[in-house]
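Report on the following structure.
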Amino acid sequence: MDFELSEDQKLIRNSVRDFAEREIRPLAAELDEKQQFSEDLTRKMGEMGLFGMYLPEQYGGQGLDTLSYIIAVEEIARIDSSQAATLAAHNSLGIGPLYYYGTEEQKMKYLPQLCTGEKLWAFGLTEPDAGSDSRGTKTKAILKDGEWTISGSKIFITNGASKMSLGSTVQTVTAIDEKGRKEFTTIIVENGTEGYKGVPMHNKMMWRASDTAELYFDDCKVPEANLLGKVGDGSKIMLSTLDNGRLSIAAMGLGLAQGAFELALKYSQERKQFGKTIYSFQNTGFKLADMATKIELARNLLYKACWLKDNKKPFAKEAAMSKLYCSEIAKEVADDAVQIHGGYGLMKDYEIERFYRDQRLLQIGEGTSEIQRLVIARYIVE
Amino acid sequence: MKILVCISNVPDTTAKISFVEDNKVYNKNNVQFIISPYEELALTRALELKEAASGTITVLTVGLQDAEPTMRKALAMGADDAIRVNTEAKDAMFVAKQIAEVAKNKNYDIIFTGKESIDYNGSQVGEMVAELLDIPSITSVSGIDVEGTTGKIQREIDGGYEQIECEFPFVGSGQKGIAPEPRIPAMRGIMMARKKPLNIVEPVEFTDLTQVITHTLPEAKSACTMIEPDNVGELVRLLHEEAKAI
């Protein structure tokens, strides 16, 4: 077994870390407080080449492996979850389905501009009544005279409402058979299409500087050629996209835990009580030891899942395990990190307060922890 | 415009310092190495000068194979090619001899070094290279522009700046200010760096002029005793009885 990262992967980690420390850290608290999505930071992440990292160069990508991409998400999340959310959602959920299921024409039309950081793409799956049960989708599409007419709505859609959003991939119901079974189909909808709009959602507890939207389709008409994949393959396309997405949500959990741990470790070496640093109390040392151990386990599990994917081996079970474990330990580590900070950890002046809020999405978004356990349970009896 | 940037492979500024082999050799175990910061800034400015005009940038390191990751980083930042002189860097004259040997027939317009490498702080290599090549040496360069074949250079001097001009070719040792921040390699640069040439040349023979006898670490700082502002008596007592200063 070789646990050594390649020289390129080490350089990617150091470069993304330097970028996040220099460009994101000074702004993160203010953007969070103002609930402000930053076009500027998004463009800068594009200039760094963080969008489309795993895409071949002909589509504007960098031709890197999954692990390199995951390291980049981890390093951004170590500093700020909102920017990591923009990055992870656009790469895995935005670019992913277009790249894996688009026709050559669709890929050439959209992917190059989605790799520069100028434009973002959204993933329209979740609906007000279709969360964990994605088959509860109500948004429907009817094909007539060479056009799809879409009506319905989506909710909690990352990168769906900012000026940078170029469009979305939308799961629709295109038929219901006599037994009530739905036929799901994915359709591409471009921003600016009549009857389509993305409305920003505010007052979030976490990821406050990322763009979260409700998408509305009001008899929205798009050409028949906007079909993504085949009619009836919609659910398969969306769920396989989520398999890949799990790796990047896991990377967000791992990065957040690492960032929270480092904040707590530093604070514990500076804060003095009873005449000595709180790190020198065994209780604090033990807590930090547990945090470090969880992070090490999480990283090994996630990197193994990436290794499986990069080596073209089945990875869905390990991806679900990584998403579950990394997001659960993100909660535990952030909680312990606040405890180590004591009263100061409850104040917005301290970064750990934001980490504590930001971790809470991770056990819910892109498949709750419960759904991950369901997926894992299915795989382990095969 | 042909620019040579000499970079050294040094321990990260936060690395723990220890020595082995009877305190003669720095202990590299578990130490992360970086491009020495002044050289990284000089390289950043060199890249900007090249992008504003045209030309090539070569980076050069005197070092063994373990220096290659930092050289790859320099290539990822945008240098066109790299040369490694395959020998352990010894004292300043040894390193300068190796650099001058590589540079002597290559017609570089500018040769950049850092004002010092941040490990041994010798602050001599740039000047020695200039002398060996018989070209001007400009130290402590904190800003540089190029017009035609002239370098317009700002040097930091005591209490202010000095503006000077110098015709190509010359050696400039960069310091803080030559570029505001080091360039961070983007993903595309990291991918391209793999395909760029990293040429290895063998060193020229040169007898060491100096030898390291030993290294010592500074004494650990002793703990600071804090005294309340109104407790002057205690301060006097400690100065008298413990510090024995009064």
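How much of the pair distance distribution for segment A:68-163 lies past 18 Å, counting alpha-carbon pairs only, in percent?
Looking at segment A:68-163, the distances longer than 18 Å represent 59 percent of pairs.
Using only alpha carbon pairs under 8 Å that are at least six residues apart, calculate the relative contact order of segment A:7-120 and give it in whole percent.
33 percent
How much of the pair distance distribution for segment B:122-216 lies past 15 Å, counting alpha-carbon pairs only, in percent?
75 percent
To the nearest 10 degrees, how steep is helix A:369-380 against the longest Cα principal axis of chain A, on a 0 to 90 scale?
Compared with the principal axis, the helix lies near 80 degrees.
Within segment A:7-120, what whole-number % of the accessible surface is contributed by carbon and sulfur, with the 1.4 Å probe and all protein chains included in the calculation?
Here it works out to 47 percent.
Using the Karplus curve 6.51 cos²θ - 1.76 cosθ + 1.60 with θ = phi - 60°, what ³J(HN,Hα) values do you get for each residue of segment A:111-116, in whole Hz, with x for Gly and Pro?
4, x, 6, 7, 8, 8
Where does helix B:232-241 land angle-wise versus the long Cα axis of chain B, in degrees 0 to 90, nearest 10?
80 degrees
What are the radius of gyration and Dmax of the protein assembly as shown, computed over its Cα atoms and given in Å?
Answer for the protein assembly as shown, Rg first and Dmax second: 28.9, 101 Å.
For A:LYS276, tell me the accessible area in Å² from a 1.4 Å probe, rounded to the nearest 10.
Its accessible surface works out to 90 Å², give or take rounding.
If packing is taken as the average count of other Cβ atoms within 10 Å, what order do A:179-188, A:306-315 fall into, highest mean first?
Highest-to-lowest ranking by the protection proxy: A:179-188, A:306-315.
So what does B:LEU198 come to for accessible area, using a 1.4 Å probe and Å² rounded to 10?
30 Å²
Keeping every protein chain present and rolling a 1.4 Å probe, give me the accessible area per residue for chain A in Å².
Dividing the accessible area of chain A by its residue count gives 44 Å².
On C-alpha positions alone, give me the angle between the axis of helix B:92-103 and the longest principal axis of chain B, in degrees, nearest 10.
Result, in degrees: 20.
Students often check this: by mean Cβ neighbours within 10 Å, which of A:136-145, A:74-83, A:165-174, A:196-205 ranks highest, and how do the rest follow?
Output ranking for A:136-145, A:74-83, A:165-174, A:196-205: A:74-83, A:165-174, A:136-145, A:196-205.
What does the buried accessible surface come to for B and A, summed over both chains, with the probe at 1.4 Å? Round to 100 Å².
In total, chains B and A hide about 1500 Å² from solvent.
Quickly estimate the mean residue ellipticity at 222 nm for chain B, helices only: each DSSP H run with n ≥ 4 gives -39500 (n - 2.57), and the total goes over all residues, rounded to 500.
It comes out at -8000 deg cm²/dmol, rounded to the nearest 500.
So which residues of segment B:164-189 lose at least 10 Å² of accessible area, probe 1.4 Å, when you go from the chain by itself to every protein chain present?
Those are B:GLU181, B:PRO182, B:ILE184, B:PRO185, B:ALA186, B:MET187, B:ARG188, which lose 10 Å² or more relative to the chain on its own.
From the phi of every residue in segment B:66-81, what ³J(HN,Hα) in whole Hz does the Karplus formula 6.51 cos²θ - 1.76 cosθ + 1.60 yield, where θ is phi - 60° and glycine or proline is x?
5, 8, 5, x, 6, 5, 4, 4, 4, 5, 5, 5, x, 4, 7, 8
Averaged across A:47-54, how many Cβ atoms of other chains sit within 10 Å of each residue's Cβ atom?
If you average over the peptide's residues, the count of other-chain Cβ atoms is 3.
Please average, across the residues of A:298-305, the number of beta carbons from any other chain that are within 10 Å of each residue's own beta carbon, and give a whole number.
The mean count of partner-chain Cβ atoms within 10 Å per residue comes to 0.
Given only helices, namely DSSP H runs of n ≥ 4 each adding -39500 (n - 2.57), what is the per-residue ellipticity at 222 nm of chain A, to the nearest 500 deg cm²/dmol?
Helix-only estimate at 222 nm: -15500 deg cm²/dmol.
Out of B:ASP80, B:ASP158, B:ASP12, any idea which swings most in a Gaussian network model of chain B, alpha carbons joined below 10 Å?
Highest fluctuation among the options: B:ASP158.
With every protein chain present, what is the per residue accessible area of segment B:2-212 (1.4 Å probe, Å²)?
49 Å²
Would you kindly find the accessible area of A:PHE217, with a 1.4 Å probe and non-protein molecules such as ligands, DNA and RNA excluded, rounding to the nearest 10 Å²?
10 Å²
For segment B:1-138, give the percent of accessible area contributed by carbon and sulfur heavy atoms, probe 1.4 Å, rounded to a whole number.
In segment B:1-138, the share of accessible area belonging to carbon and sulfur is 45 percent.
Can you tell me which of A:253-259, B:109-115 comes out highest on packing, and rank the rest after it, using the mean Cβ neighbours within 10 Å?
So the order, starting with the most tightly packed, is A:253-259, B:109-115.
What relative contact order, as a whole-number percentage, does chain B give when Cα pairs under 8 Å and 6 or more residues apart are counted?
24 percent
Just checking the output field for A:280-287: average partner chain Cβ neighbours within 10 Å of each residue's Cβ?
That average works out to 0.
Over segment A:181-272, calculate the relative contact order: mean separation of alpha carbon pairs under 8 Å at least 6 apart, over the residue count, as a percent.
Here the relative contact order equals 33 percent.
Report for chain B the percent antiparallel among DSSP-assigned beta bridges with both residues inside it, nearest 5.
Among the beta bridges of chain B, antiparallel pairing accounts for roughly 45 percent.
Please identify the trypsin sites (Lys or Arg not before Pro) of segment B:169-246 that satisfy two criteria: DSSP loop assignment and at most 12 other Cβ atoms within 10 Å. Which are they?
The qualifying sites are B:ARG194, B:LYS195, B:LYS221, B:LYS244.
The values are calculated or read from the model by the stated rules, or taken from the named source; none is laboratory data. On a predicted model such as this, the values are computed, not experimentally measured, just so you know. Counting neighbours? That spans all protein chains shown, and the Cβs are built from the backbone with ideal geometry, glycine included. Side chains are part of the model used for accessible areas, which takes the heavy atoms of the whole protein and leaves out ligands, DNA and RNA. Shrake-Rupley method; radii C 1.70, N 1.55, O 1.52, S 1.80 Å.
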